Amino acid sequence: MKHNYSYTLFSLCLAGYGLISPSLQAADTNFVKLLDNVIQYQPEQQIIKGIQEQHSASQSLSKSLLAGDIDVIIHHENDSLTDNDNYQNWQVGIEFPIWLSSQKNAQKRITSSYNQEVNAQQVYLRWLASNTLRKLAWQYKNAKIELDAAHSSLKKSRSLQQKVKQKVAAGESPKLDFL
């Protein structure tokens, strides 16, 4: 996972000059921590694990001289139909495919492409997690604003209720106004 060090350096420089408050720096740090947690629990992480397994299998295959499995061949003949046990023929051999140089180079390129795929997938998952986290942060900010507005409205309505109650108690307003 890559970190944008230029952004961090820029924010540290601005903080040094007092242009960014410590609370914003803490929020940025918290966002990165939350982002790492979201990335860790994404179900798409299984894709990266699968690609990494393909990469390691392809890498071990590209380093091998053999292109496949080794076959052991055993062949036996005897003359058992004519009861001549003196005649027996045994043949033992092995067969194995080997890589041609062009095939070996192609296999190495496939291995490097799996490595690039892992890097691209990590960036993509970071982007997905960041998008999810931004949406949640935006929903939280909107909910906080709505809650603050509701508290303010409740405070004003209680103040108005208290004033009307005082007016009714003083006899300046009818009791119906209080209801």
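The values are calculated or read from the model by the stated rules, or taken from the named source; none is laboratory data. Treat the numbers as computed from the prediction; the structure is a model and nothing was measured. We work out accessible area using only protein heavy atoms, side chains counted, and drop any ligands, DNA or RNA first. Shrake-Rupley method; radii C 1.70, N 1.55, O 1.52, S 1.80 Å.
Say we look at the stretch 113-137 and pick out the residues that are of a type in the set (Ser, Thr, Tyr) and open to solvent by less than 60 Å² (accessible area, probe 1.4 Å); which of these is farthest from ASP69 (Cα to Cα)? Checking each candidate, the answer is SER130. Test LEU128 against the criterion of being in a helix (DSSP H, G or I), at pLDDT 90 or above and either over 30 Å from GLN45 (Cα atoms) or among the hydroxyl-bearing types (Ser, Thr, Tyr) (or both), and give yes or no. It is false that LEU128 is in a helix (DSSP H, G or I), at pLDDT 90 or above and either over 30 Å from GLN45 (Cα atoms) or among the hydroxyl-bearing types (Ser, Thr, Tyr) (or both). Consider TYR140 carefully, then state whether it is open to solvent by less than 100 Å² (accessible area, probe 1.4 Å) and under 29 Å from LEU35 (Cα atoms). So TYR140 fails the test.
Answer with yes or no whether LEU61 is in a helix (DSSP H, G or I), open to solvent by 80 Å² or more (accessible area, probe 1.4 Å) and at pLDDT below 85. For LEU61, the condition - in a helix (DSSP H, G or I), open to solvent by 80 Å² or more (accessible area, probe 1.4 Å) and at pLDDT below 85 - is not met.
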